[in-house]
Amino acid sequence: MKIKTQAVAGTLESSDAQVMILPNSSGLKITLDSSVYDQYGKHIIALAEQTAKTLQLEDATVKIVDKGALDCTIKARIETAFYRAIDQQSGLPWEVL
Amino acid sequence: MTVINRIRRSMIFLNTQRAALVKDAFVYKPDCVILDLEDAVAAGEKDSARIQLYQTLKNVDYQGVERWVRVNALDSDLINEDIRAAVAGGIDGIRLPKTETAAEIQAVAKKIEAAEKEFGKKVGSTMMMAAIESPLGIMNAYEIATADKSRMMGIALSAGDFTRTMHAKRTVAGTELFVARSQLLMAARAAGIMAFDTVYTDTDNEPGFKKELQLIKDMGFDGKSCINPKQIGVTHEVFNPTVQEIAHAEHILEAVQNSKDNGVGVLTVDGKMVDIAWVEGSQRTLKLAKAAGIYKGALV
């Protein structure tokens, strides 16, 4: 799914992550700035790729600033930013998130 | 469904918008958490909190702590998606704020049932409780408590909105809440469900908090809503039966059993006259003590 507008979710508080999703025209690109990049950078990027795949998110840049968030929070922030970007607030397919 | 046969001394509110609060609140060992989607969450973050709720329910092991969600009010345009997310995530129960009538409980029960069917959950597996926050809600407390006998676990007083709508002022003694507390408690007991008291907002005043806990425990409440982890231990300390209460309950149950065997109806235990009417309270004391892990005996 292609997005047309950019959206942000999450905060820069400890244990949280801030995720920005922007449209681009050349596939999925993920960037990560994390306080635990050396230990968990690959894992977080793989998690973001899997989440994007579940959301069928294509042609977008996903910028993640991680402040030590659990996987479920990173996933939640990506999903929130995505649904904001496509302007969908209800009828979410919870069973696949 | 385990509606009333578990201990619920403390129910702590957690702002689901904040990842740091929901990731490991079980470490404080509350009996229940209430993951809040309502007043604690900023208007522009309702969607974010709801998705955080779902992912927390699916991925964080709360280690036996019962998980409730406070959804947005029935007249909001948020409640349907709140319920879908909570039920899909496997929530234990849904707390409806600002409840004033039995019809509201029934309307929410229908939404829950629809979500249970949509996400393949057992119909009826999601409990409900009602927060009563207005004079009308208090007047209708019994009807609310009995509005859905299979789902309703309890009713709770919410004093902030109640005192506002009563044009009352919060006092240290709680005089302005006495009738509401009493009526809510009687409704819960008549309906056979649990009763929970309102939050204590002066979090640095432990003596005042303890005094209020003792008051509501003596009145008969089952537990208290909490807003700070440091309130949990104090709440359990006050609600747990004392060593003396446990011993007295044991003496009563043993003495009543012996007297029954000997054909005696009224007897004296620890210097006080008791009869069969004392048995239920003594059993409740020992069950509570056992659930709290401070009674290992075999009388219950």
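Given the residues B:ALA86, B:ALA109, which is the only one that is assigned by the TED database to the domain that holds B:ASP222, in contact (Cβ under 8 Å) with a residue 24 or more places away in the chain, assigned to a helix (DSSP H, G or I) and within 19 Å of B:CYS32 (Cα to Cα)? So that I can check it myself, show each step before the final result.
Numbers: B:ALA109 fails: within 19 Å of B:CYS32 (Cα to Cα).
Among B:ALA86, B:ALA109, only B:ALA86 is assigned by the TED database to the domain that holds B:ASP222, in contact (Cβ under 8 Å) with a residue 24 or more places away in the chain, assigned to a helix (DSSP H, G or I) and within 19 Å of B:CYS32 (Cα to Cα).
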- Query: How about the range B:26-49: which of its residues are of a type outside the set (S, T, N, Q), under 19 Å from A:PHE82 (Cβ atoms) and open to solvent by less than 10 Å² (accessible area, probe 1.4 Å)?
  - Reply: B:ALA49
- Note on the structure: Checked pairs for the range B:286-300, first touching a residue at least 12 places away in the same chain (Cβ under 8 Å) and over 10 Å from B:ASN240 (Cα atoms), second of a type in the set (Val, Ile, Thr) and assigned to a helix (DSSP H, G or I), C-beta under 6 Å and 6 or more apart or across chains, list as B:TYR295/B:ILE246
- Among B:ASP270, B:ASP218, the single one that is farther than 20 Å from B:GLU133 by Cβ, touching a helix residue (DSSP H, G or I) at 6+ places or on another chain (Cβ under 6 Å) and surrounded by fewer than 17 Cβ atoms within 10 Å (Cβ to Cβ) is B:ASP270
- Note on the structure: Across the range A:44-87, the tally of residues that are in contact with a helix residue (DSSP H, G or I) (Cβ under 8 Å, 6 or more places away or on another chain) and either assigned to a helix (DSSP H, G or I) or open to solvent by less than 50 Å² (accessible area, probe 1.4 Å) (or both) stands at 26
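Counting only residues that are of a type in the set (D, E, K, R) and surrounded by fewer than 12 Cβ atoms within 10 Å (Cβ to Cβ), which one in the range A:1-43 is nearest to A:ASP87 (Cα to Cα)? Walk me through it before giving the result.
The first filter runs over the range A:1-43 and keeps only residues of a type in the set (D, E, K, R), leaving A:2, A:4, A:13, A:16, A:29, A:33, A:38, A:42.
If we keep only those that are surrounded by fewer than 12 Cβ atoms within 10 Å (Cβ to Cβ) as well, we get A:4, A:38, A:42.
Details: A:LYS4: 10, A:ASP38: 35, A:LYS42: 30 Å.
The extreme case among them is A:LYS4.
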- Identify, by number, the condition in (1) within 14 Å of another protein chain (Cβ to nearest Cβ); (2) closer than 28 Å to B:GLY220 by Cα; (3) small (Gly, Ala, Ser); (4) open to solvent by 10 Å² or more (accessible area, probe 1.4 Å) that B:GLY64 doesn't meet. (1)
- Here the residues within the range B:4-60 that are in a helix (DSSP H, G or I) and among the charged types (D, E, K, R) are B:GLU45, B:LYS46, B:ASP47, B:ARG50, B:LYS58
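The values are calculated or read from the model by the stated rules, or taken from the named source; none is laboratory data. Since we're looking at a predicted model, the values are computed, not measured. As a convention, Cβ positions derive from the backbone with ideal geometry for all residues, glycine included, and neighbour counts pool all protein chains shown. Accessible surface areas use protein heavy atoms only, side chains included; no ligands, DNA or RNA. Shrake-Rupley method; radii C 1.70, N 1.55, O 1.52, S 1.80 Å.
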